[in-house]
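Read-outs: derived from the displayed coordinates by stated rules, not from any lab. As the structure is a computational prediction, the values presented were derived from the model and not from experiment. All Cβ positions, glycine included, derive from the backbone under ideal geometry; neighbour counts span all protein chains shown.
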Amino acid sequence: MRKYQPKRAALIVIDVAIVVLAAILTGFTVGYLSNYKIIMTLLLCLFWLAAILFAAVLLPAYFSRTVIYISPTDISMKTGIVYVKRHHMKADAVQYVSTITTFMSKYTGLNFVILRAMGGTMVLPFLGLDDLHEIEELMSNS
């Protein structure tokens, strides 16, 4: 049984995107609501509080609690922050294997494997490129 976890580079990329989005929203808020100081201040606090909550608490918890186990007969994934969700699929039930790789995926870790079986789909998120190819080869051989 082989154990896979999301690549930390994907967490860094998503964190940077959240901070950039919060900075853009800050610019628009300051530009358009500078006459309304109270509303502007409340929105800025809201944007940055949400960015810090997601980037520093929720996403790292999600990445650390997501574990994928693949054996020649079974595929299972355990994930969740507040509650734990477990997915289980037999390897011989897999009909289609789709992979999604993004630009610079070797460095960003934004790679996904989509396993489709009769009546269900399982998405394996944020895998390293080597892990993606390994899972793809393992699923195509079974």
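Modelled label positions at residue 140 and residue 33, each set 7 Å beyond Cα in the direction of Cβ, lie 5.1 nm from each other.
In the chain, a dipole from Cβ-located charges (positive for Lys and Arg, negative for Asp and Glu) runs towards its positive end, and of 114, 4, 53 it is 53 whose Cα lies farthest in that direction.
Per 0.36 nm of contour for each residue apart, how much would the distance between residue 19 and residue 3 grow if the chain were fully extended, relative to their Cα-Cα spacing? Before the final figure, lay out each step's value.
Details: separation 16, 0.36 × 16 = 5.76 nm, distance 3.09 nm.
Full extension from residue 19 to residue 3 adds 2.7 nm.
Residue-wise HN-Hα couplings along segment 46-59, as the Karplus relation 6.51 cos²θ - 1.76 cosθ + 1.60 with θ = phi - 60° gives them from phi, are 4, 4, 6, 5, 5, 5, 5, 4, 5, 6, 9, 10, 5, 5 Hz; Gly and Pro carry x.
Chymotrypsin sites (Phe, Trp or Tyr not before Pro), restricted to segment 25-104: which are DSSP loop and have at most 10 other Cβ atoms within 10 Å?
Details: sites: 28, 32, 36, 47, 48, 54, 62, 63, 69, 83, 96, 103; in loops: 36, 83, 103.
The qualifying sites are 83, 103.
If a/c stays under 1.5 just call it rounded; otherwise compare a/b with b/c (prolate if a/b is bigger, oblate if not). Do that for the chain, with a ≥ b ≥ c from the square roots of the Cα gyration tensor eigenvalues. Verdict is prolate for the chain. For segment 1-49, what percent of Cα pairs sit more than 16 Å apart? More than 16 Å apart: 52 percent of the Cα pairs in segment 1-49. Under a Cβ-Cβ cut-off of 15 Å, what is the net charge of the residues other than residue 131 that fall near it, where Lys and Arg count +1 and Asp and Glu count -1? Here the count lands on +1.
May I have the count of lysine pairs in segment 1-135 with C-alpha atoms under 22 Å apart, counting pairs 8 or more residues apart or located on different chains? Summing the qualifying lysine pairs gives 8.
Over the chain, DSSP H runs of length four or greater, each weighted -39,500 (n - 2.57), average out per residue to a 222 nm ellipticity of -15000 deg cm²/dmol. Please give the FRET efficiency for residue 71 paired with residue 102, using the beta carbon to beta carbon distance and R0 = 35 Å, rounded to the nearest 0.05. Rounded to the nearest 0.05, the efficiency is 0.80. For segment 51-111, the alpha carbon positions stretch 42, 32, 15 Å along the principal axes, listed from largest to smallest.
Between residue 42 and residue 84, take the C-beta separation as r, use R0 = 25 Å, and let me know the FRET efficiency to the nearest 0.05.
0.10
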